[in-house]
There are 2 protein chains.
Amino acid sequence: MPFVNATDFVKRLLVGRKLSSAQLGETLLPKRIALPVFASDALSSVAYAPDEILLTLSLAGLAGLAFSWEIALAVGVIMVIVVVSYRQNVEAYPSGGGDYEVATVNLGPTAGLTVASALLVDYVLTVAVSVSAGVQNAKAIFPFIAGSEGLWAAGLILVLMAMNLRGVRESGTFFAVPTYAFMAGVLTMIGWGLFRILVLQEDLPAPTADFSIVGSPDYEPLVGLAFVILMARAFSSGCAALTGVEAISNGVPSFKEPKGRNAATTLALLGATSLSMLAGIIALANLTGLKLVDPDGHSHFVDQAGNPIDYHTTAMGQLAETIFGAPSFGFYFVVGATLIILFLAANTAFNGFPVLGSILAKDGFLPRALHTRGDRLAYSNGILFLAMAAAGLVLAFNASVTALIQLYVVGVFVSFTISQFGMTRHWTRHLKDERDPVARRRMQRSRVINFMGLTGTGVVLVIVLVSKFLYGAYLAVAAMIGVFILMRAIRAHYDKVARETAVGPMDARLLPSRVRAVIMVQEVNKPTMRAVNFARATRASSIEAVTVSIDDAETRAIIAKWDSQELEVPLKVIASPYREVTGPFLNYVKGLRSDNPRDVVCVYIPEYIVGHWWEQLLHNQTGLILKTRLNFLQGVMVTSVPYQLASSQYAIDRAKRNTAAAWRRPGSGQVRIGVPSDRTKEQ
Amino acid sequence: MPFVNATDFVKRLLVGRKLSSAQLGETLLPKRIALPVFASDALSSVAYAPDEILLTLSLAGLAGLAFSWEIALAVGVIMVIVVVSYRQNVEAYPSGGGDYEVATVNLGPTAGLTVASALLVDYVLTVAVSVSAGVQNAKAIFPFIAGSEGLWAAGLILVLMAMNLRGVRESGTFFAVPTYAFMAGVLTMIGWGLFRILVLQEDLPAPTADFSIVGSPDYEPLVGLAFVILMARAFSSGCAALTGVEAISNGVPSFKEPKGRNAATTLALLGATSLSMLAGIIALANLTGLKLVDPDGHSHFVDQAGNPIDYHTTAMGQLAETIFGAPSFGFYFVVGATLIILFLAANTAFNGFPVLGSILAKDGFLPRALHTRGDRLAYSNGILFLAMAAAGLVLAFNASVTALIQLYVVGVFVSFTISQFGMTRHWTRHLKDERDPVARRRMQRSRVINFMGLTGTGVVLVIVLVSKFLYGAYLAVAAMIGVFILMRAIRAHYDKVARETAVGPMDARLLPSRVRAVIMVQEVNKPTMRAVNFARATRASSIEAVTVSIDDAETRAIIAKWDSQELEVPLKVIASPYREVTGPFLNYVKGLRSDNPRDVVCVYIPEYIVGHWWEQLLHNQTGLILKTRLNFLQGVMVTSVPYQLASSQYAIDRAKRNTAAAWRRPGSGQVRIGVPSDRTKEQ
């Protein structure tokens, strides 16, 4: 197989520019694999978006459901607009920087950061919504879940977290099989259902066909403002079907050449599939008399006699039951594939979140170590953070997709709108320099498309904000603002430090005149001897060992042992009537410094290297505190002289096991060294 | 005032031997101050021990209460035995090492460690029981506490914790006033009550005088085994009156000369006071018809018609109400003083626990840093641990003294018994060498006394264990065993490390031939320049700067900046295709080492010193991970070159504020330095 390891290259290629073209060659994706790898998020939203349309409309009772077609059509129009617009993005920005790059390049860092904040919050919501939808769908197979959906969802998120932390790496097939299974299952179900109803003229009533609905009195009249508001809410919730479309624009570099074109084709395929699924499900819902009610109780089912009925199977579950029969292969196949693709969609967020974090870290908006340390740190921290935030959400909302969807979508459309605005600017900018009339015409066409995209997504954003703000979108907006402010503060801090630490003309010439070595002695043993030997090897101008006396008997023993070693290093004893080590030692070093202001003091601290965290509690604590306090003195450096205890081997073995996968990656062992003379050749 | 600061010297003098005699002179206690300082724990137990006797007896109904006199008498006898025995301890071991020292010296480290485990667990229970008793007593004044006693108690423990963590230092007066107030209040109440009843022949019925009691069917018959078990349980609970007696034996060094004699006198005073209070309260309870029932519901009050009554005021509260009248100065004085002394008793545990921890750390049974770092670390950690454990207990038992007392007392009597066994051994050992017949006779007398102490406390220990084991003592025993095993494991670890690191004959001669300096470069700025300058000052055999290239553009900028500085240090570039810094850097250092096995590599890492913890998250992370991994390489030392950012001043100022008290302590700023030639004079 030409492709190796999907998440691995997805995550690397999304950032991507560090890989040499030779390495890239191995991992390029044909469209048939790229579609499932990038599309699980977008496709999976078909599993809950139709539900949200139907159950929102149910607030107006049976009469409301009649409008599902119109809402689905509106969502479909927006989906076409977004897909067509994003085809422009992928062709113009094949580097895979995504909306963050488009916004930053064309609209400046504030716009970029806004997009990034929206995306970070949306990753959390993707996990929460996808897993919640999975749990809701799972109730069709496992009814015992009902009542503790939040706990099940949180549990699943923890499983995802553990999988991702342990670095389980899925192959392309891992994505391809369930994604195609889901597409095949749902499209077959739709086709077979439509065939039986329209061609065979069968009567296929959904389990809820005979139910009636009692809606909310606020919306029941279906006229005036209430009607507009209800339609807006249903439309906003239905727009959840568009989430995930932007994933392909992040993944362009991993497509086979011609990248832009292939990505654009895949995007069109994805759009077409999503659209047919959404349309098919809504059509079948209408044809089978399928109904849904708000799980939060603002509308509910009643039978013909008016008695309330408690029934909450999802649209996908009801259709599978109606078309294939309740315990049948088709039923389990569709419901099972839905579960798995929702789980996969959550998993892609676990990959995308740290990648975005790493890009933001590079630009100084998140702790820089997340970027420079490579993927690992960003990954573990990102995975932990994402899992905790998402688990908190599903617990707080008891895995109610309907409740969570009020927070979702806002972020996606903030990002869509800004990105399309950026693209419009992009074309305007390029049009200034372009003279070729053919190219100009193409650019103008693209600009019109992106402007339509901007208008469409902008209008949706306003509708979403207005119709959902009080229902929960305010939480998402607040989170985005919080993330934005935090990232700005981090960047401001880095900028301040950079100004403070900028090299001045004399900095390279501030050579201390002498180095005075001071060895901290607590015991006379191998670690101390090693510190003495290493310190002597550095040939400092002066060298002395210092021990703080906290117990006369102990001190006498130390002195006797020291003398017996016949070292050429004098041992000084500092009295400490209060059994404190750091204070007196610090004062001694301060004294050395003030007596010799042009010298630098180097303090050698023997350090025990151990294999278990609890051993760490038993050793080095005094050295650690001393080091922390010495760091605040000017002109003092601290040298740790490690002594590896036998137990340290455990840690080495453990580290080897844990990083085995990482070390096995091709090329990571290579070291290319350029010395100044030949550096220019290397670059 | 000749004495300065009670907890300060209590804590220091309990460990004590590090203070010079000149300093000791200032802080010696006359008996009138020593009594309240050390006695609050022992005296405060009078506030709950009589209650526990009465309410345990109530399990057998009204008939059971008739035996309160006998139980009080038995407790009194044990108290006399313990006080007389401990007078031997204080005269024989005036160093103040307490039961741990007596057991370790005479019976070996295992016995010592058993005592220490028992004491550590008992400190936790002292806090839990004292605060709970305070809360139960407080209900007489603040009835709204009822129902959430556990939360109030936990809150009070957190207040105590905060006070102790912030280092609020009580003066001797702080102890003396409430302790004498409590003694005066309770003894006046007893005297006035007895006078009115016995001399004035007044009829003083307690609020519960007319109540009847429905006991537990298990104990109602008051014959056979049930009777024996009930008496044993009442006696065991009453023995809580003895807790705290050992405190004086820990405090001997802070008494005025003759220390032993003065401490013994104080002990006798304490015993007499406790005994009269206990006897007085039980006597008045009998004379006023005072009754108590088990708050956990195994017995309850009924009125004459048999209707249940909910009434839970403590004996102290009922007596104060009966003798002084309900809202009266005397009533509030007694109840208020009781509250305060219980709070003080809990506070003494906050002082004693870390002191014992520090002694155990010195002997290697707890992390050694708790000892060598002086009081501070042991204090903060000990206070936190004690508060958390005690708060957990009061929450778990809803501050029920009756429930907690089942866990208490075991530890005290384990410690009493082993200590008295140790004293018996002590005299036997000394008798072997003593020839003077007068001294021998005195020693033999002492041995008899301690043997009686051993027998008495041993019998009580068995009674307590048997009668309370299933009611909760098993928890205390399990905790002691757990603490014991943990401390043994820590000591075993230190012993193993000591064997591993013992200096061999060649260790002082393993001088590396050369030092190769490697400077880690991530940016070219002031911190890096400082690292370069410091490294150059050490005059290493070879010196080079190394940067890991994770981004071509960045690397090119670093190289350009480096060259512009015209340093004499070459900059090497290591390629890292996976944007990882530590791995490639580590491999480079490994390569240096294996190419030059007789040299030592010194890695210089520039470190940003910042003022806030969150800034730490934004800096140094790469260096930290690199250092951690370099530590596992043989022959590599790591030098941190700190660069103090402007914000580091915040941390310095904060540290100065926090340690201002510590620095103000006399003598801690003094540094006495002895160089090898004159060391012998110093010692």
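Just so it is clear, none of the values below were taken in a lab; they were calculated from the coordinates. Fair warning: this is a prediction, and the values are worked out from it, not measured in the lab. Counting neighbours? That spans all protein chains shown, and the Cβs are built from the backbone with ideal geometry, glycine included.
Values as computed for the structure displayed
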read-out	value
Hull shadow area, averaged, segment A:71-121 [alpha-carbon convex hull, nm²]	4.3
For residue A:481, label point 7 Å along C-beta direction: distances to other copies, nm	5.9
Label-point separation, residue B:628 to residue A:628 (7 Å along Cα→Cβ), nm	1.6
For segment B:428-495 versus segment B:102-156, the gap between their alpha-carbon centres in whole angstrom	21
Protection-proxy order for peptides A:271-277, B:262-268, each taking the mean of Cβ atoms within 10 Å per residue, highest first	B:262-268, A:271-277
Relative contact order computed over chain B (Cα-Cα under 8 Å; 6+ residues apart), in percent	19
Centre separation in Å (Cα based) which lies between segment A:325-400 and segment A:538-562	55
Chain A: antiparallel DSSP beta bridges as a percent of all, rounded to 5	15
Cα gyration tensor shape of the protein assembly as shown, rounded if a/c is under 1.5, else prolate or oblate by comparing a/b with b/c	oblate
Sequence of A:384, B:567 once ranked by neighbouring C-beta atoms within 10 Å, starting from the fewest	A:384, B:567
Average beta carbon contacts from partner chains per residue of A:502-511, 10 Å cutoff	6
Label-point separation, residue A:466 to residue B:209 (7 Å along Cα→Cβ), nm	8.1
Residue of chain A nearest the A-to-B rotation axis [by Cβ], rounded angstrom distance	A:639, 2
All Cα pairs of chain B, percent lying beyond 41 Å	43
Near-label residues of segment B:352-368 by backbone N, under 14 Å of a point 7 Å along Cα→Cβ of residue A:556	none
Förster-model FRET efficiency, 51 Å R0, residue B:384 and residue B:195, C-beta, rounded to 0.05	0.60
Mean Cβ neighbour count within 10 Å, used as a protection proxy, ranking B:601-614, A:110-123 highest first	A:110-123, B:601-614
Centroid-to-centroid separation of segment A:181-258 and segment B:182-240 [C-alpha atoms, Å]	77
Segments B:402-414, A:537-549 sorted - mean Cβ within 10 Å per residue, highest first	B:402-414, A:537-549
Sparse-neighbourhood loop sites, trypsin sites (Lys or Arg not before Pro) in segment B:592-653 - DSSP loop, at most 16 other Cβ within 10 angstrom	B:598
Interchain or long-range residues, amide H under 5 Å from residue B:607's placed H	B:641, B:643
FRET E, pair residue B:474, residue B:110, Förster distance 25 Å, beta-carbon r, rounded to 0.05	0.70
Other-copy label distances relative to residue B:513, 7 angstrom Cα-Cβ extension, nm	3.5
Residues whose placed amide H lies under 5 Å from that of residue A:574, excluding near-sequence neighbours	A:547, A:548, A:549
Lys/Arg +1, Asp/Glu -1 at C-beta; chain A dipole; positive extreme among A:453, A:409, A:226	A:453
Computed FRET value (nearest 0.05) for residue A:309 with residue A:187, which takes r as the C-beta separation and R₀ as 35 Å	0.70
Partner chain coverage, peptide A:604-614 - average Cβ within 10 angstrom	2
Spacing of the two label points (7 Å from each Cα toward its C-beta) at residue A:163 and residue A:564, in nm	6.1
Shielding by other protein chains, B:114-123, mean Cβ within 10 Å	0
Label point 7 Å beyond Cα along the C-beta direction, distances from residue A:442 to other copies (nm, shortest first)	11.2
Span-like helix ranges in chain A, DSSP H, alpha carbon extent 30 angstrom or more, Kyte mean at least -0.5	A:68-92, A:109-138, A:172-194, A:259-288, A:329-362, A:375-396, A:410-433, A:437-468, A:473-501
